[in-house]
Amino acid sequence: MPTAPQPTDQIRSKLSLLNPGVVQATAGSGLPVIELSTDVLVAGGGMSGVCAAIAAARNGAKVVLVQNRSRLVGNASSEVRMHIVGANWHKNRPGWREGGILEELRLDDAVNNPRRCREMWDLLLYDKVMTESNITLLLDSTLVSAGMKGNRIEEVTVRCDATERIYRIRADVFCDCTGDSRLALEAGAEMRHGREARAEFGESLAPEKADRETLGSSILFTSRKHDGPVPFTPPSWARKMDDAQLRRAPGQGGQHVVRRRTIKSWEYGYWWIEWGGHMDTISDNERIRFELLAIVMGIWDHIKNSGRFPESANWALEWVGMVPGKRESRRIIGDHILTQQDLIDGGNFEDAVAIGGWPMDDHPPGGFDSVTDSPGRQVATEEVFNIPLRALYSRNIGNLFMAGRNISASHVAFTSTRVMGTCSVMGQAVGTAAAVCIRHGILPRQLYQQKSQLQELQQRLVADDQTIKDVRSEPENDVARQAKITASAEEGEAVAANVVNGWLRDFPGPSVKCLPELDVPLEMCGTGKVIAAATHHWAGRLGAEGAWIELRWEDPEAIRAVQLVFNTGFQRELTLTSSDSINDGIIRGPQPETVRDYDILGCRSGEQDWRPLVSVTGNYQRLRRHALPPEPLQAVRIQVHATNGDPLARIFEIRCLV
């Protein structure tokens, strides 16, 4: 849940530290050097980096977030425009949408950006980071070196050519969320690149022999329909899409199959415009950009000018990406390397800190030019799986965490964990872990080894609405579980006692729902435990006076805060997308199941009347925390006046903290 935004003058004060006036220039570059010190340095401002920075900051750590672009969230930003997908696998695994910081961001975006404007999403993320009092943000800034002491990073050097400043930043804990593992590279971390041989981890989906090939990168586009015809003339270097290149075959209802690549609509680009995995996706980025743009121009020329799509006459390109959306490069080696079998088995790790659920989704390295190959192969696990802390810190750099597509995983496992929803929850995990390390003065490996701190981390994550499979909420200083719980009404299995049973989401049961819209071959694998369907929230029908749920104690309790987890419709997909078909079924606004207007009421010992303690209107968030006046209470009641459309009031958890 967001903390109270810091005042604007404090934001300005924090920014003034980035240019403190007269400073000495360095020899050689001639640029002034600014010295900064912080608890946690997060390198990379993609979804994993943003979630890591926010999580660390909200858990009490001072954070510097370094991003080499002018906007945050990388492939999800307006520069690339990829939609965030994760454990719910679009609509194929309903009920497993991620919670935590990612859910907070998605809900903010759905409510405040109903027209799906990508630049408004950029602004939302900027606002989120800038108003966190513990975060200092450096945009347009590139990490260029790391200073080491033994096997630990002491400081990093960051260069910002836009402001003509060099920053030397000291920290206790570092997080590499750069995707390309730039911080790990500078620090000398052990890394992998490419595909492992099948025999190394016994992975049936791996190639027989190891190589350095990866998934390719993609460039997307958007287009708009106008009132009249809009001609298109491609540049001279655009690819020519003849039948031999596309291997077209007519489909039903005007649909055309393009080498198992379908052109059903053209308001948004195609993930299968992919290229460069047979090269180096870092050093060959300029060549990859050119080839991807040539493919995009060729595809649009084919749509507009081949005569195959006459309904495209009034359509024109509105935006074409200039930044290739990268899928894969280096991976940092941790104490555990996540493998295909780990995912199949459900990731039953004692140090589990996040979930994934996207299928193992491999693509041919040659991408669009792999004429004889399907553009992708998806192999889904039976259930969502856990990701361990040991895959999120470096095995040879003592104070380095990582989150995103660069975690410790084989190539096969990476093809699942690489997607941005999963990267986000890994980011929240390492940000929280970094704050726990700071609090206790320990290193990442020690956090795993010291089981009381590991349990603290897991419970802190669950308290912040992070789902960890098989980990219940067991809060300290919570007296809700000692209360007698009653309600105005209950619906079936959605009984009042569920709000203290430790589970913060319903379990949908066997959860893979193979939809016909899949464009790639689908296989299923799995021998792990399938989670049985179960209801874990309270639901009460709203009457003329709303609905209520009450917690009452034998002896008064000095409750200092109440935490509530509401229902936000995890059974639906919720993501910002430019694709009309993916957006179908997504609610761009408050989710109807969510409680909108409510009061928290208190009753003191010996009194019969309820006194208002907190009153909220217009809520659309899932996780809410409220401080209460410091006085003993005999009972607390949550009085729900309205939802955002549902006839039932629904609550997953109530905590009463003393």
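On C-alpha positions alone, give me the angle between the axis of helix 420-440 and the longest principal axis of the chain, in degrees, nearest 10. Approximately 50 degrees, to the nearest ten.
For residue 128, go through the lysines and keep the ones whose alpha-carbon is under 26 Å away, minus same-chain ones fewer than eight residues off. Excluding near neighbours in sequence, the set is 14, 62, 326.
Under 15 Å from a label point set 7 Å out along the Cα-to-Cβ vector of residue 555, the amide N atoms of the range 601-618 belong to 605. Residue-normalised convex hull volume from the C-alpha trace of the chain: 173 Å³ per residue.
Helix 451-463 and the longest principal axis of the C-alpha atoms of the chain enclose an angle of approximately 90°.
Looking at the range 178-227, the GluC sites (Glu not before Pro) that sit in a DSSP loop and have at most 15 other Cβ atoms within 10 Å of their own Cβ are 190, 208. Note on residue 335: accessible area is roughly 70 Å² with a 1.4 Å probe, heavy atoms of protein only. Normalised by the number of residues in the chain, the average gap of Cα pairs under 8 Å and 6 or more apart makes the relative contact order 17 percent. Contact order for the range 378-476, expressed relative to its length and based on alpha carbon pairs under 8 Å spaced 6+ residues apart, stands at 25 percent. Label-to-label distance for residue 164 and residue 148 is 3.5 nm, based on points extended 7 Å past Cα in the beta-carbon direction. Placing one equal scatterer on every Cα of the range 565-658 and applying the Debye formula, the log10 ratio I(q)/I(0) at q = 0.18 Å⁻¹ is -0.85. Pull up the cross-link candidates among the lysines for residue 469, meaning alpha carbon to alpha carbon under 16 Å and not fewer than 8 places away within one chain. Those lysines meeting the cut-off are 529.
By a 1.4 Å probe calculation restricted to protein chains, residue 615 has an accessible surface near 90 Å², given to the nearest 10.
In vacuo Debye scattering of the range 85-240, one point per C-alpha: log10 I(q)/I(0) at q = 0.13, 0.14, 0.19, 0.21 Å⁻¹? For the requested q values the scattering log ratios are -1.15, -1.24, -1.26, -1.29. Relative to the current alpha-carbon distance between residue 267 and residue 191, full extension at 0.36 nm per residue lengthens the span by 23.5 nm.
Against the empirical 2.2 N^0.38 Å (N residues), the range 522-622 has a Cα radius of gyration ratio of 1.55.
From helices alone, the chain scores -6000 deg cm²/dmol at 222 nm; the rule is -39500 (n - 2.57) for each run of n ≥ 4 DSSP H residues, then divide by the residue total.
For residue 31, the solvent-accessible surface computed with a 1.4 Å probe is close to 20 Å², ligands and nucleic acids excluded. Summing charges over neighbours of residue 148, with a neighbour being any other residue whose Cβ is under 11 Å away from its Cβ, gives -1 when K and R count +1 and D and E count -1.
Angle of helix 47-58 to the longest C-alpha principal axis of the chain, folded into 0 to 90 degrees and rounded to 10: 20°. Look at where the Cα atoms of the range 602-643 and of the range 68-147 average out, and the two centres are 32 Å apart.
The values are calculated or read from the model by the stated rules, or taken from the named source; none is laboratory data. Please read all numbers here as calculations on a predicted model, not as lab measurements. Ideal geometry is used to build each Cβ from the backbone, glycine not excepted, and the neighbour counts take in all protein chains shown. Heads up: the accessible areas ignore ligands, DNA and RNA and are worked out on the full protein's heavy atoms, side chains in. Shrake-Rupley method; radii C 1.70, N 1.55, O 1.52, S 1.80 Å.
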